[in-house]
Amino acid sequence: MIRAEDLVGDEWAEWYRPTPRERESAKIWDVFLAFGGPFEPEPDT
């Protein structure tokens, strides 16, 4: 069986493992944190 690491190296293989939806979610999360988004959910009123 061919492994992704054998074709593209360890760093790229780590990026290929998640699904496209998971990769997009990670990008959005990075932007959210860069803009100062909080980790805590807003309290219910």
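No value in this document is a laboratory result; all are computed from the given coordinates. Small disclaimer: the values here were computed from a predicted structure and weren't measured.
Couplings 3J(HN,Hα) of region 13-18, computed from phi: 4, 4, 6, 6, 4, x Hz, in residue order, whole Hz [Karplus 6.51 cos²θ - 1.76 cosθ + 1.60, θ = phi - 60°; x for Gly and Pro]. Just round it to a whole percent: the fraction of Cα-Cα distances in the chain exceeding 18 Å. The proportion of pairs with Cα distances above 18 Å equals 52 percent.
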